[in-house]
Ligand SMILES: [Zn+2]
């Protein structure tokens, strides 16, 4: 008999990676399973359904799924048996767009999500600051002024008064804006003389002094003056984030916009066998960084533990921080049309070179054919994630994926207008796209952007 374990605690999902459901095999001693999950509820994918009973695993394959009694033949002296006591098992979940280092950092940061008032934000930050020496950076993430009664962007004054001795950096819930206190403004040299960068802005009071809130590319201007993370810091963040993902049932993640530090940390974790999930990395849009990778091509891992397979591009900011580029001004901010953070020409250039880096003639031909359609359309997209996959689907066709968040909320009159012309659903919507102006004629109307 195998060892029987009883799982305790809240573990609703017991996730298995990709495995093949095979038919029941003969009851030979050498065919005993490595693992049996019994008394559970299972949701297989092929065929889809719900199965009550047991699941047996040998190596990386599922060899049995069915009633508990049927699993007995797979029990051997070395079989580990886990009593699920009615808990649910699903296949491992695959995330299509994540930022693992950010998640790891967030797990270490002050959680500001769902705070109903600015006062509550300040209370949480003050509590965290009290636990670390003066002068230590206190970072938080998740504030959303839309949840507060006044719904206005905060100013640093109340925060600075409550937390005067620790530099504070608080990232908005969407990652597209940040609030800092006076101590941080002093260290980061954030004063009235600071200029708004292309694709970003520092919010200011009536006298032109920064209020402590910065949006999109403005965060990069002063963020670059903060103490940077080491490879060890990044490894710690990725390790804790990966563990957190597993607890939630994610067995594969797609990490968007990674840089050299991330790739080094990921590689170290993989070598040390400390990467418990599969990761597909998409490189951040940095010319020097990308040109290195375009020379070497994608990193393909036969075991799919760590892949480098695409590039993440940004078209504009996010809706919640008023950085998303709109065709008409924000209803509550009549002078603001949002921020374009890249030109269509840049997006096209990087996409084309990424495709060429695949060393795949069919790929390049495909991209050439599609480019005019997208060049006309991505100016209207919230954000475009261009996926250049090095792997072809079973059909032999190149794999291309798009991630366009909140299109429907931003283009209520043409929710499908972003769609490429070759897509069957786009024809019916084509007439609605006649309102779009070329990027060039939109330029003068974009506040805070020199694009
Ligand atoms: Zn993202």
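A few notes on this one:
- Peptide ranges 78-85, 163-170, 175-182, 46-53 listed from the most packed, as the mean C-beta count within 10 angstrom indicates: 175-182, 163-170, 78-85, 46-53
- As an equivalent ellipsoid, the stretch 100-223 spans semi-axes of 20, 16, 15 angstrom, where each value is the square root of five times an eigenvalue of the C-alpha gyration tensor, largest first.
- Across the stretch 161-203, the convex hull enclosing all Cα atoms gives 85 Å³ per residue.
- If R0 is taken as 51 Å, the Cβ-Cβ distance between residue 206 and residue 134 corresponds to a FRET efficiency of 0.95.
- One chain, two ends: residue 352 and residue 230. Fully extended at 0.36 nm per residue, the span grows by 40.6 nm beyond their Cα-Cα distance.
- Here the stretch 97-173 has an Rg and Dmax of 12.4, 38 Å, counting Cα atoms alone.
- Calculated FRET value between residue 274 and residue 80, using beta carbons and R₀ = 22 Å, to 0.05: 0.50
- Of all DSSP beta bridges in the stretch 30-152, antiparallel share, percent nearest 5: 60 percent
- Extension gain (nm, one decimal) between residue 267 and residue 293, 0.36 nm per residue minus Cα-Cα: 7.8 nm
Every read-out reported here was derived from the displayed coordinates using simple, explicitly stated rules and does not represent laboratory data. This structure is a prediction, so every number in the text was calculated from the model and none was measured. We place every Cβ from the backbone using ideal geometry, glycine too, and count neighbours over all the protein chains shown.
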